[in-house]
Amino acid sequence: MSEGKDADTQLEPVFIRESEDVYRNPTEVKMSQIVMPCHANHCGELSAGQLLKWMDSTACLSAERHAGCSCITASVDDIHFEHTIGVGNVVNIIAKVNRAFTSSMEVGILVNCEDLYADTQWNVCHAFATFVARRTEAGKVQLKQVTPRTQMEQMEYSLAAERRRMRLIHADIITDLLSSSTAQLGECQEYQDAVPAERTRVESVELVLPPHTNHQVSTFGGQIMAWMENVATIAASRLCNAHPTLRTIDMFHFRAPSHIGDRLVLKAIVNNAFKHSMEVGVCAEAYQGGEPLRHINSAFMTFEVLDSDRKPRTLPRIRPVPVDGKRRYQEAIARKKIRLDRKYIISSKQTEVPLSVPWDPSNQMYLSYNNVSALKLMDTRNNWVLTSEKNKVRLYTLEENHMLCFKVQMHVSVPAEQTFHLLSDLRRRKEWDQHYEECELISQADEDDTLYRVATPCVSKGGKGQDFILLASRRKPCDDRDPYLIALRSVTLPTHPPTEDYTRGEVLCGGFTIWEESSFVTKITYYNQATPGVLPYISTDIAGLSSSFYSAFSACSHYLEANKDSMTVL
């Protein structure tokens, strides 16, 4: 259930469909459930809360199969529900561990629906959940590593590290974005006939009983999500006097566990209503006896109301309650902007023009994620064609979707970390690459993301040179199974529009992966992917292009060797 079209397949979760007699991921768990009337809501559709319980149970079984011990749900990334599911349909859920870290692991979940009578299937949603292995009597669990066997598994394994990084910084970045955005939103607008937000307020209590808990006597994360979805649906119904459909659940974290005997207090209220959607905020707190309330988690859910043609209806406006309600009202506007930015950046098709996405601080996290993910996906492809080799520099090509991709690979006798430092600063690239005529540092967004303007010389008589506005995203290895990364992609900046002196070029995906093969041997792989006519290395034929790459990367090798003992400060 998403807020728009399906995301670009290169960024969606990949699940293995190989024949079981050939290979099956050892952590993969499948669940199939036929939707009975007891699972459905008043519209005859599967309750989203029931689906969340099934998803959590399947993912937990997958996590425990890998860990060999009990696991608990730590967080769930954004979930976008693409379709609803009717009574009589079959729900198929597949979960598998994409990657394990020290004591936590990412589990990918795919849900599709099957109509047995029409013999058709369609995707409903996908999600990524993080599970933590519970401590044993011997102490903290050290999870065994996942070994990806196929190219698809390698993609998810590699992307899991970047998703983990985004989860760890998500809360701080969202807080910063909300504080900066709400300051620019001004006062809440007053609408005639607006519905008071107080009318949508819901509070309910649930007693945690044995059927609500797992084999560890902790409340199922999916059960808590189901209860939260229930009160959120009631709040949304009170605004529109109709039956709402859940579309999106934002990323959330479980802050504390809940156990048998706990009373769970669930509170929900509509924070804001837009033309065709509304945001409902939900909070879950627990207590026993006279204990103070413990905050379990909070979530933000987006609902729509569909008409008889399954099109979103126009919703009434909301009048926020004084003081705290106005803050929630404004923050909902900021969160909507964040969701739209994320959707636009992550779901943009590679063939869409312009390729460059406008950069600003509010979308930096998603642009950086997209930038690094695109490079990691290119690094895991195994259908590259070796075009030529010269002086131990190999050139590979790959033509796909009317795009020509290049891969240049070589080894240097320089430590990987020093190689990473030397190549990270694009201003120094012109010391070895003649195609970098100018390189201006525009902005140091943070420790990992930098904006540059790069100018390349003219390659034809009477023509213009090209310039590029590049976002450079650096990543150090998550562990020794990851490379150093320097990812590059084009962005647009209002302060640096195209000029008459240069043709503005665009790079869809480029950069370096740097692997440490030993203490003094490093494998460098350079990638560049662009639509025809926008690659910094422009040539009329592959032979001329090969010569350009060989010249540049032979010089790169000498540059790294000459500076391997220098101390580079970034």
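Structural remarks
- Of all accessible heavy-atom area on the range 25-155, the percent that carbon and sulfur account for (1.4 Å): 51 percent
- The chain: Cα Rg divided by the 2.2 N^0.38 Å rule of thumb: 1.05
- Cleavage-rule hits (GluC sites (Glu not before Pro)) in the range 18-72: DSSP loop, at most 15 neighbouring Cβ within 10 angstrom: Glu18, Glu20
- A 1.4 Å probe, protein heavy atoms only, puts the accessible area of Cys69 near 30 Å².
- When the solvent-accessible area of the range 193-350 is split by element, carbon and sulfur atoms take up 54 percent of it, the probe being 1.4 Å.
- Greater than 25 Å apart at Cα, pairs in Lys30/Lys476; Lys53/Lys476; Lys311/Lys337; Lys96/Lys337: Lys30/Lys476; Lys53/Lys476; Lys96/Lys337
- For the chain, excluding the exposed loop sites themselves (chymotrypsin sites (Phe, Trp or Tyr not before Pro), DSSP loop, at most 13 other Cβ atoms within 10 Å), the longest remaining stretch covers 192-519.
- When the surface is traced with a 1.4 Å probe over the full set of protein chains, Glu437 keeps roughly 90 Å² accessible.
- Solvent-accessible area of Asp176 with every protein chain in place, 1.4 Å probe, in Å² to the nearest 10: 90 Å²
- Total formal charge among the other residues, if their Cβ is under 13 angstrom from that of Ser551, Lys/Arg +1 and Asp/Glu -1: 0
- For the chain, the longest principal axis of the alpha carbon atoms and the long axis of helix 151-185 meet at an angle near 70°.
- Counted charge near Leu207, where neighbours are those whose Cβ lies closer than 10 Å (Asp, Glu -1; Lys, Arg +1): -1
- With only the Cα atoms considered, the range 193-350 has a convex hull volume of 148 Å³ per residue.
- Between the Cα long axis of helix 221-240 and the first principal axis of the chain there is an angle of about 80°, rounded to the nearest 10.
- A Cα-only calculation for the range 25-155 places Rg and Dmax at 16.0, 53 Å.
- Surface exposure of the range 193-350, expressed per residue as accessible area with a 1.4 Å probe, stands at 43 Å².
- The range 352-563 shape via C-alpha gyration tensor axes, a/c threshold 1.5: rounded
The values are calculated or read from the model by the stated rules, or taken from the named source; none is laboratory data. From a predicted model like this one, the values you see are computed outputs, not experimental measurements. Positions of Cβ are generated from backbone atoms using ideal geometry, with glycine treated the same way; all protein chains shown enter the neighbour counts. Only protein heavy atoms, including side chains, enter the accessible area calculation; ligands, DNA and RNA are left aside. Shrake-Rupley method; radii C 1.70, N 1.55, O 1.52, S 1.80 Å.
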